[in-house]
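Notes for the one structure printed next.
Derivation of every value follows stated rules applied to the coordinates shown; laboratory data play no part. Computed from a predicted structure; not experimentally measured. Cβ atoms come from the backbone with ideal geometry, glycine included; neighbour counts cover every protein chain shown.
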Amino acid sequence: MSETPKASLPKRMLLIAAQGILTIFPLVVTIYLVYWFVTSVEGGVRSLLEFINPDVKYFYGLGIIVGIGVLLGVGWLVQAYFVRKLIKLGDAILERIPVIKTIYVGLRDFVGFMSMTKKQTEGSAVLVTIGDKRFIGFITDHNAGKTLNTGEADLVGVYLPLGYMIGGYVVYVDRNSLTRLTIGSEDAMRIALTGGMTSEKSKE
């Protein structure tokens, strides 16, 4: 039996380099995104503070501190009854403006869905059977028949995320075509977004 010819030295070096790139790529991208976020917040807050008070003694990190303080303050304010009323009033106004309505409502609903997914318990993620294929999905409307005024008591709205991008489809299917998953919604979303290519370590 003849031996498999060994790859040439340049080819082996290329393969080793490619393996190194693939190994560090997720880490480098993550570090870059964190760096971009921090520098963006720092730059924005610094410009704002210097506009309000040109004599402010700014130091690196103050932007993050102020940003966290603002988020905590906003989070505290939205708990107040009158602030919630103002937010609802703002929603009602924006929902009546063409174009802005489409953008604002879409972003608001998407953020709401992601928050809902974080809070959902096991069983909220499902497999949707369409023909001879199955898709990972998340129930967004348990009473879609009532929502759409179709009169179908078993019609359910399910969001099907697309891999490696922010997007997806909403399908309306019969409740009997759903199979409840025992994994958490966050794990199911990760599997869907990565095309099923999750590491064994992340499944533990």
With x for Gly and Pro, the residue-by-residue ³J(HN,Hα) of segment 176-191, computed from phi through the Karplus equation 6.51 cos²θ - 1.76 cosθ + 1.60 at θ = phi - 60° and given in whole Hz, is 6, 8, 9, 10, 5, 9, 8, 7, x, 5, 5, 5, 5, 5, 4, 4
Among K85/K146; K57/K85; K101/K133, the pairs whose Cα-Cα distance exceeds 29 Å are K57/K85; K101/K133
Gained length - I130 relative to L15, 0.36 nm times residue gap less alpha-carbon distance: 37.4 nm
Taking the mean number of other Cβ atoms within 10 Å as a proxy for protection, how do you rank 90-96, 26-32 from highest to lowest? 90-96, 26-32
Which residues' amide hydrogens lie under 5 Å from the amide hydrogen of L181, considering only partners 5 or more residues apart or on another chain, with H built in the peptide plane? G123, A125, V126, L127
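Quick check: net charge around A92, other residues with Cβ under 14 Å of its Cβ, Lys/Arg +1 and Asp/Glu -1? Present the calculation step by step, with values, prior to reporting the outcome.
On the way: positive: R84, K85, K88, R96, K101, R108; negative: D91, E95.
Once positives and negatives cancel, what remains is +4.
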The FRET efficiency for H142 and I31, from their Cβ-Cβ distance with R0 = 41 Å and rounded to 0.05, is 0.50
Reciprocal mean inverse distance between Cα atoms of segment 8-114 - Kirkwood radius, Å: 18.5 Å
At 0.36 nm per residue, and after removing the present C-alpha to C-alpha distance, how many nm does the segment from I87 to I64 gain when stretched out fully? 5.7 nm
